[in-house]
Amino acid sequence: MAADAPSPWWTPSVHADRRPFLLARNAITRAVRGWFEADGFLEVEAAALQVSPGNEAHLHAFATTMLSLIGEPDQTFYLHTSPEFACKKLLAAGEEKIFDFARVWRNRERGPLHHPEFVMLEWYRAGAPYETLMDDCAALLALAAETAGTRMFSFRGLDCDPFAAPERLSVAQAFARHAGVDLLASLSPSGQTDRDALAASASAAGIRVAADDRWADVFSRVIVEKVEPRLGVGRATILCEYPVAEAALARPKPGDPRVAERFELYACGVELANAFGELTDPAEQRRRFGLEMDEKARIYGERYPIDEDFLAALAIMPEASGCALGFDRLVMLAAGATRVDQVMWVPVA
């Protein structure tokens, strides 16, 4: 170990400094579990090993090999990046209200807000509109703050009142307000994207656009550079109505096919949760997975398999809404830590 390297987390003095955050984590875990159970939810446990880790272009998984014991070929499995596929199979099986404190893994992610292994709190409500999840998120923010004994979240000089009703802001409104970009002008009535229109609007707003940038590249740059740092200031922000091109596993919004029933929750500029009114069309989901894996192959030279059982389950899954919340980030804000690894009992060394 280098002389100037920080002491390991297990050093008694370091652990003593971290321990109040860890005790707050335990208390918040108990409170959140009780909140769900009081509302009639069942706690489930998704298996970590999956045939597919998820099919988003910029998600990177840890792979492992399952050795055959009977002479058949060895199989590649992945540590899941989310319990989403498993939870939706449980909805197809007949469960209606479920939650999972899921330990998940994402490669190429490490920093103050990222860790290769972390806890994703996911919950699903069969038959519920996705606006119900907005109310759930507001309640969980307040519950975490109350349990930790804090009145205000603070992070990197930004403050957020966890007890105030979150602002609901569409992505188009956020682009206009924080970047001066007309997002909807780059979307056709059916949701098709116009790269040149978005690039021109972004360039006029002083945002760098490269000649080989695609629509999605420009969209992401505006989000990251201009929008996200200004969300969740004063009170939480629910950023909703993502363009359908950024829908992931969300269904289109009724009455406006340009956008999807997807929202993200922000506090102090930190993304805490991602929620969908769930898509139940397996053909459309397969099409989206294919596009994402084509993009992954173009950028990173690899692609992940598609979970055929998941697509089969979608065909019988009821209408539902689901949310994935970064539990470590929530605890970090509630406990007053500055890095997610400070609120993990045993961080990856």
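Please go through segment 192-212 and give me each residue that is surrounded by 17 or more Cβ atoms within 10 Å (Cβ to Cβ) and touching a strand residue (DSSP E or B) at 6+ places or on another chain (Cβ under 8 Å), ordered by number.
THR193
Please state which of the following conditions ARG168 fails to meet, knowing it meets all the rest: (1) of a type outside the set (Val, Ile, Thr); (2) in contact with a strand residue (DSSP E or B) (Cβ under 6 Å, 6 or more places away or on another chain); (3) closer than 23 Å to ASP256 by Cα; (4) not in a strand (DSSP E or B).
Exception for ARG168: condition (4).
Quick one: PRO305 ticks every box in (1) modelled with pLDDT of 95 or more; (2) in contact with a helix residue (DSSP H, G or I) (Cβ under 8 Å, 6 or more places away or on another chain) bar one, so which box is it?
Among (1) modelled with pLDDT of 95 or more; (2) in contact with a helix residue (DSSP H, G or I) (Cβ under 8 Å, 6 or more places away or on another chain), the lone unmet condition for PRO305 is (2).
Which ones in segment 115-148 are closer than 19 Å to ARG339 by Cα and not in a helix (DSSP H, G or I)? It would help to see each step written out before you state the result.
Quick first cut of segment 115-148, residues closer than 19 Å to ARG339 by Cα only: 115-121, 141, 144-145, 148.
Within segment 115-148, HIS115, PRO116, GLU117, PHE118, VAL119, MET120, LEU121 qualify.
Taking the condition modelled with pLDDT of 95 or more and crowded, with 19+ Cβ neighbours inside 10 Å, does ALA61 pass? So that I can check it myself, show each step before the final result.
Values: modelled with pLDDT of 95 or more: yes; crowded, with 19+ Cβ neighbours inside 10 Å: yes.
Taking the combined requirement at face value, the residue satisfies it.
Select from segment 53-81 the residues that are over 20 Å from ASP294 (Cα atoms) and hydrophobic (A, V, I, L, M, F, W, C) and list them in ascending order.
Selection gives MET66, LEU67, LEU69, ILE70, PHE77, LEU79.
Is it the case, given these coordinates, that GLU37 is touching a strand residue (DSSP E or B) at 6+ places or on another chain (Cβ under 8 Å), within 27 Å of TYR130 (Cβ to Cβ), modelled with pLDDT of 95 or more and in a loop (DSSP other than H, G, I, E, B)? Steps first, answer last, please.
Numbers: touching a strand residue (DSSP E or B) at 6+ places or on another chain (Cβ under 8 Å): yes; within 27 Å of TYR130 (Cβ to Cβ): yes; modelled with pLDDT of 95 or more: yes; in a loop (DSSP other than H, G, I, E, B): no.
No, not satisfied.
For PRO8, only one of the following conditions fails: (1) out of contact with any helix residue (DSSP H, G or I) (no Cβ under 9 Å at 6 or more places or on another chain); (2) part of a loop (DSSP other than H, G, I, E, B). What is its number?
(1)
Please go through (1) farther than 19 Å from VAL346 by Cβ; (2) within 19 Å of the chain's Cα centre (by Cα); (3) surrounded by fewer than 17 Cβ atoms within 10 Å (Cβ to Cβ) for GLY111 and return the number of the only condition it doesn't satisfy.
Unmet for GLY111, out of (1) farther than 19 Å from VAL346 by Cβ; (2) within 19 Å of the chain's Cα centre (by Cα); (3) surrounded by fewer than 17 Cβ atoms within 10 Å (Cβ to Cβ): (1).
Report, ordered by the first and then the second residue, all pairs with beta carbons closer than 6 Å, sequence separation of six or more or different chains, a first member in segment 52-66 that is closer than 12 Å to TYR304 by Cβ, and a second member that is among the acidic types (Asp, Glu) and in a loop (DSSP other than H, G, I, E, B).
SER52/ASP307
Considering each residue of segment 261-289, count those that are more than 30 Å from MET332 (Cα to Cα) and either crowded, with 22+ Cβ neighbours inside 10 Å or of a type outside the set (Asp, Glu) (or both), and give that number.
Narrowing segment 261-289 to residues more than 30 Å from MET332 (Cα to Cα): 279-289.
Filter once more, so that each one left must be either crowded, with 22+ Cβ neighbours inside 10 Å or of a type outside the set (Asp, Glu) (or both): 279-280, 282-283, 285-289.
Here the count works out to 9.
For segment 199-222, how many residues are assigned to a helix (DSSP H, G or I), touching a residue at least 24 places away in the same chain (Cβ under 8 Å) and either under 22 Å from ILE299 (Cβ atoms) or of a type in the set (S, T, N, Q) (or both)?
Just the residues of segment 199-222 that are assigned to a helix (DSSP H, G or I), to begin with: 199-204, 215-222.
Then keep just the ones that are touching a residue at least 24 places away in the same chain (Cβ under 8 Å); that gives 204, 215-216, 219, 222.
If we keep only those that are either under 22 Å from ILE299 (Cβ atoms) or of a type in the set (S, T, N, Q) (or both) as well, we get 215-216, 219, 222.
Here the count works out to 4.
The values are calculated or read from the model by the stated rules, or taken from the named source; none is laboratory data. Nothing here was measured: the structure is a model prediction, and the numbers come from that model. Glycine gets a Cβ as well: all are built from the backbone with ideal geometry, and neighbour counts include every protein chain shown.
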